[in-house]
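A short worksheet on the structure shown next.
The values are calculated or read from the model by the stated rules, or taken from the named source; none is laboratory data. The shown structure was predicted, so the numbers you read here are calculated from the model rather than taken from an experiment. Neighbour counts are summed over all protein chains in view; Cβ atoms, including those assigned to glycine, are modelled from backbone coordinates with ideal geometry. Side chains included, ligands, DNA and RNA excluded: accessible areas come from the protein's heavy atoms. Shrake-Rupley method; radii C 1.70, N 1.55, O 1.52, S 1.80 Å.
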Amino acid sequence: FVEILPQRGTRVTHVDIPSCRQAMFIRRALECEAMRAIAPRAAGRVMPRLEQNLAEQKLAVERGDGVAFFRCDIAFHDTLLSELDFDRVRAVVEAARGSLDRTRLFLLRTPQRQYQSYVEHVAIAGALKAGDAEAAHRAMAEHLDRVLNEIELRAAQNPEVFAAATRS
């Protein structure tokens, strides 16, 4: 996140929108497909952990605690991916998510985005609880698409933070 300029100093790099798009593409492909695999067995094992996480998310939203919400958001997605028991898939998603963390922290600071993410997470969990793989897939896709749309909107509003939003 810091660029070294030889014999001149350092500067904070801009957030690269094409890299964000690629990271979200990876997340969307893997996390949406994960919902199809998890849904048939989610009602028993994973639901208590998701419901606890959602309660913590709700509390973070009510308190306006962006840092706690960010942690809960990561834990929500990690809980889902842990159900797959595919270490490489989890590692790829974590790497993609890691390249988005600075941007997600910027976005998740707003109470509106925190609340919207919470609502989207509730929809994902509800579809999983019902064992509805297609609804869970759709809810995850909508969630990740909304995050990317918000990233692109923020890039347009804050050009000093984001690199040029060219198509990759």
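Here are the numbers for the structure shown:
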read-out	value
Residue identified as over 20 Å from A39 (Cβ atoms) and open to solvent by less than 60 Å² (accessible area, probe 1.4 Å) among A127, A91	A91
Long-range neighbours under 8 Å by Cβ, at least six apart or interchain, first residue closer than 15 Å to N149 by Cβ and of a type outside the set (A, V, I, L, M, F, W, C) within the range 7-25, second outside any strand (DSSP E or B) and at pLDDT below 85	R21/S168
Among (1) open to solvent by less than 60 Å² (accessible area, probe 1.4 Å); (2) of a type in the set (G, A, S); (3) modelled with pLDDT of 80 or more, the one test that G9 misses	(3)
Extreme residue, most open to solvent (accessible area, probe 1.4 Å), among residues of the range 76-88 that are over 13 Å from the mean Cα position of the chain (by Cα) and not small (G, A, S)	R88
Pair list, Cβ < 6 Å and 6+ apart or interchain, from the range 31-57 residues that are under 11 Å from T79 (Cα atoms) and open to solvent by 80 Å² or more (accessible area, probe 1.4 Å) to residues that are part of a helix (DSSP H, G or I) and at pLDDT 95 or above	R49/T79
Test: residue in the range 14-37 that is assigned to a strand (DSSP E or B), at pLDDT below 90 and under 26 Å from N158 (Cβ atoms)	yes
Which numbered condition A127 misses (of (1) modelled with pLDDT of 85 or more; (2) closer than 20 Å to I26 by Cα)	(2)
Residue count, the range 38-74 (criterion: modelled with pLDDT under 95, under 16 Å from the mean Cα position of the chain (by Cα), among the aliphatic types (A, V, I, L, M) and under 21 Å from R90 (Cα atoms))	1
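Residues are listed down the side, and each one gets a yes or a no for (1) in contact (Cβ under 8 Å) with a residue 60 or more places away in the chain; (2) touching a Gly at 6+ places or on another chain (Cβ under 9 Å); (3) open to solvent by 60 Å² or more (accessible area, probe 1.4 Å):
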residue: L59; (1), (2), (3): no, no, yes
residue: A68; (1), (2), (3): no, no, no
residue: L100; (1), (2), (3): yes, no, no
residue: E134; (1), (2), (3): yes, no, yes
